[in-house]
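A quick write-up on the structure given underneath.
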Amino acid sequence: MSAATVHVVAMTDAHLDALLPYEREMFGTEAWSRAGYRSELADTRRRHYVAAEDVERALLGWVFFFFFWETSEIFTVGVVPHARRRGIARALVADLLAEARRRGADEAFLEVRVDNPAARTLYATEGFAEIGVRRGYYDGGRVDAVTMRKELAP
Ligand SMILES: CC(C)(COP(=O)(O)OP(=O)(O)OC[C@H]1O[C@@H](n2cnc3c(N)ncnc32)[C@H](O)[C@@H]1OP(=O)(O)O)[C@@H](O)C(=O)NCCC(=O)NCCS
């Protein structure tokens, strides 16, 4: 998918009708609710949310980032199934990391399921290193998380 056919825009409440069914399909018991998204979107001081849209403004992907002083953390990245493997997640992560640098963060963290090779490969190829494991972090204690970290050059 060329850059001309994907637009990265600020995420708003208007994206939620399209996003929530994908959220439930992708994240199951870990999915966020509409109320959860709304309260996250309201906090622009510590959060940065962007969406990818096609030329008709249909949702293709989204990503959420949290800032805490010099530290930042990716909460989640999602790309709709029909738009995967076209570089959209990579573009969204690059947008986040640029924003993190603008806000003065010098490192970024994330947690990812051990059984999610697509996301682990995505983050590894974006320069995140695996630094630890959180036992039983997902699915009521059944699935471990890998913690990853990337140093952000100014
Ligand atoms: C993980 C996910 C966000 C990737 O989105 P995407 O837009 O398809 O990813 P990209 O096209 O930008 O891929 C970037 C790189 O990630 C890796 N990657 C992506 N999908 C992969 C897969 N299914 N298997 C292996 N590697 C994969 C590759 O290295 C890829 O580069 P390449 O295509 O040049 O080989 C998408 O599969 C998704 O939404 N999955 C469900 C939700 C999820 O698991 N989110 C992450 C949890 S935080």
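The values are calculated or read from the model by the stated rules, or taken from the named source; none is laboratory data. Just so it is clear, the structure is predicted and the values come from calculations on it, not from any experiment. Cβ sites come from the backbone with ideal geometry, for glycine too, and all protein chains shown count toward neighbours.
If the condition is being among the acidic types (D, E) and farther than 17 Å from R142 by Cα, then the stretch 19-35 contributes E23, E25.
For the stretch 93-107, the criterion of a residue being surrounded by 17 or more Cβ atoms within 10 Å (Cβ to Cβ), among the β-branched types (V, I, T) and out of contact with any Cys (no Cβ under 6 Å at 6 or more places or on another chain) is satisfied by at least one position. Listed conditions (1) loosely packed, with under 14 Cβ neighbours inside 10 Å; (2) near the ligand (Cβ under 6 Å from one of its atoms); (3) farther than 15 Å from M148 by Cβ; (4) of a type outside the set (S, T, Y) are all met by I88, apart from (1). Screening A118 against (1) in a helix (DSSP H, G or I); (2) modelled with pLDDT under 95; (3) surrounded by 11 or more Cβ atoms within 10 Å (Cβ to Cβ) leaves a single unmet condition, (2). The residues in the stretch 101-130 that are more than 16 Å from the ligand (Cβ to nearest atom) and hydrophobic (A, V, I, L, M, F, W, C) can be counted, and the count is 1.
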